[in-house]
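Asker: Sending over a structure as structure tokens; questions will come in a sec.
The values are calculated or read from the model by the stated rules, or taken from the named source; none is laboratory data. On a predicted model such as this, the values are computed, not experimentally measured, just so you know. Every residue, glycine among them, receives a Cβ derived from its backbone with ideal geometry; neighbour counts consider all protein chains shown. With ligands, DNA and RNA removed, areas are computed over all heavy atoms of the protein, side chains included. Shrake-Rupley method; radii C 1.70, N 1.55, O 1.52, S 1.80 Å.
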Amino acid sequence: MSSNFQAPKGVKEYFPPQSATFLAARDAFATAATRAGYAYLELPVFEDTRLFARGVGESTDVVSKEMYTFEDKGERSITLRPEFTVGVLRSVLEHGLHKGELPVKVWATGPAFRYERAQKGRYRQFYQVDLEAIGSEDPAVDVETIALAWDFYRDLGLTRVSLKLNSLGCRECRPVYRAALQEFLRGLDLDEDTRARVEINPLRVLDDKRPEVQAQLEDAPLVTDHLCGACKAHHDQVRELLADLSVPWVDDPRLVRGLDYYTRTTYEFDHPLLGAQSGIGGGGRYDGLSEDIGGPSLPGIGFGLGLDRTVLAMEAEEVAAVTQSAVDVYGVPLGEEAERKIFGLIAALRRAGVAADMSYDGKKLKGAMRGAGRSGAAYAVILGERDIAAGSAQVKDLASGDQVAVPLAELVTTLKERLAQR
Ligand code: HAM
């Protein structure tokens, strides 16, 4: 019987054994980001609603339809973060990190919230790792971020991730493209909602998945044909540097992202085994975002990778973590006095750096040994009345079944030595 309660609809939670894969992915990302000089940020999960409205953009689905917004007791409008980038930038500016060495390289992780239609791989509370490099226009920084994500997926054992790349131009050339696209779209046979979108956010129409819309978009003008000289040079350099690092990509001039702040480089990672929710990560430049939220002119680039979808991809490619926090030693006390003694021994082992657990609640030998087996331990330490009298414990190798008596005073060192030899 479970309780009277269930988790709220659409949230994703992690429990054993899947939680081991989640943790392995997040830890691997922490290692990769740290190795490349990115420092960790821990940020609030809620912010002033206006930050997202200005930063992510009022015309996006994320802001107009999907935010968890409420008024707090101080009558402030608060929103649970639907993404990390604007909060990261807000924090960097607030604490003056941009006044030091540029680019400011930071990463963050945790839950994000979007009121979406929940299904496998799409949740209302989901998890991202997010990485941002703020204060550089250098195309090498764009490629540093892309290669970091690429290598992260590789290191997890994922071999089927693909990368789509585009440039959305800048504040100079994008309006020209936008107008050309709008003119083209106005001539099509579209429903009322889509026509409204043509006026507000025409680039999003390119992302419309319906075949009757896609069929009409074949001759749509492409953003890459409208880039200004500086954006074209930037885009070409990004592609050259990606080739230098042997990161394969596909040019996708129709790639548009769901958030308004993007400029120049944009990219997405896909996984073919995830069905409709194949986007496992995405990112790009946001050279005007700082000004949009009232900050100085400060370019930036970064990405957010969906941890939930990364876990699903690891399961689909059968590279998910197999062991669940296995310990090395498991204590099996027989009787009250033994339980007290083993309790101390297990604590001493842990203090000496050995992963150890034990049986509680006065279990009999059979039940306690079952616990030892399930724990994944290499050795069981069995302690009965006769052992206590002899001042030793039985150390049982759970793989071979061999058992020897070890003096209690030597137990920690003996087990450490044996484990080191394995
Ligand atoms: P995004 O494309 O909206 O970008 O989200 C990044 C990733 O988060 C997606 O590729 C997907 O894997 C995951 N994701 C998004 N929504 C959900 C959901 N409802 N359920 C499960 N997973 C989801 C951003 O959020 C940008 N802030 C990325 C960025 C950072 N751009 C520049 N810097």
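Asker: Give the peptides 353-359, 86-92 in descending order of average Cβ contacts within 10 Å, highest first.
Answerer: Highest to lowest by the protection proxy: 86-92, 353-359.
Asker: Which of 320, 372, 180 moves the most in a Gaussian network model of the chain with Cα springs under 10 Å?
Answerer: 372
Asker: Semi-axes of the equivalent ellipsoid for the range 342-392, please: Cα gyration tensor eigenvalues, times 5, square-rooted, ordered largest first, whole Å.
Answerer: 17, 16, 9
Asker: If you don't mind, another one. Run the simple label-point estimate for residue 364 and residue 70 please: 7 Å along Cα→C-beta, distance reported in nm.
Answerer: Each label point lies 7 Å from its Cα, and together they span 5.1 nm.
Asker: Considering only C-alpha atoms, what is the centroid distance from the range 238-276 to the range 30-104, in Å?
Answerer: Each part's Cα centre sits 23 Å from the other's.
Asker: As an exercise, use a Förster radius of 41 Å and the Cβ-Cβ distance of residue 420 and residue 3 to find the FRET efficiency, rounded to the nearest 0.05.
Answerer: Efficiency for this residue pair is about 0.40.
Asker: Of all chymotrypsin sites (Phe, Trp or Tyr not before Pro) in the range 4-39, which ones are in loop regions per DSSP and have a Cβ with at most 10 other Cβ atoms within 10 Å?
Answerer: 5
Asker: Looking at the range 169-244, which GluC sites (Glu not before Pro) are in a loop (DSSP not H, G, I, E or B) and have at most 14 other Cβ atoms within 10 Å?
Answerer: 172, 218
Asker: For the chain, what is the mean residue ellipticity at 222 nm derived from helices alone (per DSSP H run of n ≥ 4: -39500 (n - 2.57); sum divided by total residues; nearest 500 deg cm²/dmol)?
Answerer: After summing the helix terms and dividing by the residues of the chain, the value is -11000 deg cm²/dmol.
Asker: Using alpha carbon coordinates only, what is the Rg to Rh ratio of the range 329-421, with Rh defined as the Kirkwood radius?
Answerer: My calculation of the ratio gives 0.91.
Asker: Does anyone have the angle between helix 18-35 and the longest principal axis of the chain? Alpha-carbon axes, 0 to 90°, nearest 10?
Answerer: Compared with the principal axis, the helix lies near 70 degrees.
Asker: Continuing with this model, one more query. Short version: what are the Cα gyration tensor semi-axes of the chain, square root of 5 times each eigenvalue, largest first, in whole Å?
Answerer: They are 53, 23, 21 Å, listed largest first.
Asker: Something else: Please give the contour-minus-distance gain from residue 102 to residue 402: 0.36 nm per residue of separation, less the Cα-Cα distance, rounded to one decimal in nm.
Answerer: 102.0 nm
Asker: Set the bar at 22 Å for Cα to Cα. Now go through 341/416; 164/209; 164/232; 366/416 and name every pair that lies beyond it.
Answerer: Long pairs (Cα-Cα over 22 Å): 366/416.
Asker: Here is a further query. For the chain, what % of the accessible area comes from carbon and sulfur atoms, probe 1.4 Å?
Answerer: Answer for the chain: carbon and sulfur cover 50 percent of the accessible area.
Asker: If you take every residue apart from residue 144 with its C-beta less than 11 Å away from the C-beta of residue 144, what net charge results, scoring Lys and Arg +1 and Asp and Glu -1?
Answerer: -2
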